[in-house]
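Written out below as structure tokens is the structure these notes cover.
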Amino acid sequence: IEVEGLPPLPFANYDALRQGELVFAFGSPEGLRNSLTMGIVSSVARQPDPDRPMVFIQTDAPINHGNSGGPLISASGQVIGVNAQIQSDSGGSDGVGFAIPSNTIQIVVSQLVTGKSAKHAYLGVSIGSPINGSGAQIDSTVTGGPADKAGLAPGDIITQIGTTAITSPNDLTGVVDSFHPEQQVKVTYKRGGTSHTVTLTLGTRPS
């Protein structure tokens, strides 16, 4: 909703987000409209559900039922995410809340406003942490998937997607989700201690 005289808030670049940054959560927790809470970024890349290949921003800004759909704002007034869920034994805020990153929101919204269904980029791998060093190790590839077609194989360690360094499996999930399906990206990986780079076309994540 646009209000005359009040310009819409700009989206922040999620890739520039850092742990410890001050953030503000807006929403209607428990039906209390126009509420504001404050906290920090607890983690820039958290995957609370291992069965969902999606990365969230974790924050300790108090988030309760009714905050979902409200923005998570940086100290400079930029939207860094949309509040989505909490992790709680009591059902109330335990200081563990999650927001969908701004880069993911922009991709999804750009599809929805044109009448399309939201689609997510897909690499076609299952990943884990390498025994030594950083990166995202490929545990398996989907036959005929983008990674498989590009020659990536189990045991390869992905260290960079495009210009973004990959230090953990969560990094890889978040970066892939920031691209569009059918977009071409450069993937840098290590195999047997040797670094390689390949350009591949991302697919569309299955439902």
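The values are calculated or read from the model by the stated rules, or taken from the named source; none is laboratory data. The model shown is predicted, which means the values in this text are computed figures rather than measured ones. Cβ atoms come from the backbone with ideal geometry, glycine included; neighbour counts cover every protein chain shown. Surface accessibility is based on the protein's heavy atoms, side chains included, excluding ligands, DNA and RNA. Shrake-Rupley method; radii C 1.70, N 1.55, O 1.52, S 1.80 Å.
Only one of the numbered conditions (1) in a loop (DSSP other than H, G, I, E, B); (2) surrounded by fewer than 17 Cβ atoms within 10 Å (Cβ to Cβ); (3) at pLDDT below 90 is not met by PRO130, and that is (2).
The number of residues in region 133-180 being in a loop (DSSP other than H, G, I, E, B), over 16 Å from the mean Cα position of the chain (by Cα) and farther than 23 Å from SER43 by Cα comes to 11.
I'd like to know if region 105-114 contains one or more residues that are buried (at least 21 other Cβ atoms within 10 Å of the Cβ), in contact with a strand residue (DSSP E or B) (Cβ under 7 Å, 6 or more places away or on another chain) and not aliphatic (A, V, I, L, M). Within region 105-114, not a single residue is buried (at least 21 other Cβ atoms within 10 Å of the Cβ), in contact with a strand residue (DSSP E or B) (Cβ under 7 Å, 6 or more places away or on another chain) and not aliphatic (A, V, I, L, M).
Residue-level analysis places SER102 among those that are open to solvent by less than 40 Å² (accessible area, probe 1.4 Å), touching a strand residue (DSSP E or B) at 6+ places or on another chain (Cβ under 7 Å), modelled with pLDDT of 85 or more and polar (S, T, N, Q).
Among the residues of region 34-47, is any closer than 30 Å to GLY144 by Cβ and hydrophobic (A, V, I, L, M, F, W, C)? Within region 34-47, one or more residues are closer than 30 Å to GLY144 by Cβ and hydrophobic (A, V, I, L, M, F, W, C). Quick one: is ILE161 at pLDDT 95 or above and either surrounded by fewer than 20 Cβ atoms within 10 Å (Cβ to Cβ) or at negative phi (or both)? No: the conditions fail for ILE161.
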